Amino acid sequence: TIYDLLGIKDLFVTIAHTGGGMMRAADPCVNSTDQKNNSSDLVTETDKAVEAMVQCRLATTYPNILFFGEETHGGQKLTDEPTFVCDPIDGTINFVHGFPNYAISLALVINKKPVVGVVMKPAYGDYYSAVKGQGAFYTNPMGKSLRLPLRAPAPLSLHKALFSVEWGNQRSGPNWALRTDIFVKLLTSQSEGGAMCRSDRSSGSAALDFCYVAAGQLDFFFEAGVYAWDVAAGWCILEEAGGIVASANPGDWDPMLEGRLYFAVRGAKKEDQRKTVEDLWAMMGER
Ligand code: IPD
């Protein structure tokens, strides 16, 4: 690529710090919140203000790179052109409720593949970042960077797995029955006299779920129905940490396709990851 990817990562970090400051400064008493499709699908004036700042800053330095953001997209599809992909606040419900697990997620995507990703948690002051081919890192609130994964990638057995599921912001539609069926199976299947998997979490931010899997803090993550801005940065971070994204149905798949079902699985040997995905498919049964 003709772009200085490390420079773009540093620019993302600078911009994310500014966006994070806007989120911390937002007063919940005056911050207006609107519903988009339903009461689980929210946008605040801070989402819009942060996205406007991000778009303006990026366009100043890179006027020729396209911009694809959650709050400004008009239904256009991602193309093969270099594109900045922005979710100004991933975990808007958390943000609205004052629950601190929300993030600003910034990615550069080329040929629909993320090559730079930064996911920052403004309420904590830490962030995850990756550049394709250069590894993934966690930077703590003191500014110290550690290479991901933080936990050694041992083979994963489902009955020791801590995983995450997200409900997304759709509460109907063709995926709904399938999604709830997979949730029930993940949460209630039995094995070896106990639960099939050790326990579950729902962090409220798909971008952060990807990072937690990348770090090895979660073993896998399941969701259906996300958009490119939810996953682009986290996907880059996960892959650079050795993790994979796999379809929740066997077959070819692209995480950037809207509305599809997927698992993000933490880093280990590729054959171990394939085995984990096969175990998950087997648990879900024929569909
Ligand atoms: C949402 C969060 C949530 C996921 C949804 C996303 P938003 O993003 O990532 O965890 O379940 O699918 O839309 O709307 O807060 O930016």
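Of all residues in segment 49-85 being farther than 24 Å from Ile2 by Cβ and buried (at least 18 other Cβ atoms within 10 Å of the Cβ), which is nearest to the ligand (Cβ to nearest atom)?
Glu70
Tell me whether segment 213-227 contains one or more residues that are part of a helix (DSSP H, G or I), at pLDDT below 85, within 12 Å of the ligand (Cβ to nearest atom) and in contact with a strand residue (DSSP E or B) (Cβ under 7 Å, 6 or more places away or on another chain). Let's see the steps before the verdict.
First, the residues of segment 213-227 that are part of a helix (DSSP H, G or I): 213-215.
Applying the additional criterion that residues be at pLDDT below 85 yields none.
So far as segment 213-227 goes, no, none of its residues is part of a helix (DSSP H, G or I), at pLDDT below 85, within 12 Å of the ligand (Cβ to nearest atom) and in contact with a strand residue (DSSP E or B) (Cβ under 7 Å, 6 or more places away or on another chain).
Since Ser191 meets every condition but one in (1) surrounded by fewer than 16 Cβ atoms within 10 Å (Cβ to Cβ); (2) without any contact (Cβ under 8 Å) to a residue 40 or more places away in the chain; (3) out of contact with any helix residue (DSSP H, G or I) (no Cβ under 7 Å at 6 or more places or on another chain), which condition does it not meet?
So the condition that Ser191 fails would be (3).
Can you give me the number of residues within segment 54-92 that are under 15 Å from the mean Cα position of the chain (by Cα) and part of a helix (DSSP H, G or I)?
Of the residues in that region, 1 qualify.
Pairs needed: first member in segment 195-207, assigned by TED's automatic domain parsing to the domain that holds Pro88; second member anywhere, of a type in the set (Gly, Ala, Ser) and near the ligand (Cβ under 8 Å from one of its atoms); C-beta distance under 8 Å; at least 6 residues apart or different chains.
none
The values are calculated or read from the model by the stated rules, or taken from the named source; none is laboratory data. Note that this is a predicted model, so its numbers are computed, not measured. Note that each Cβ is placed from the backbone with ideal geometry, even for glycine, and that neighbours are counted across all protein chains shown.
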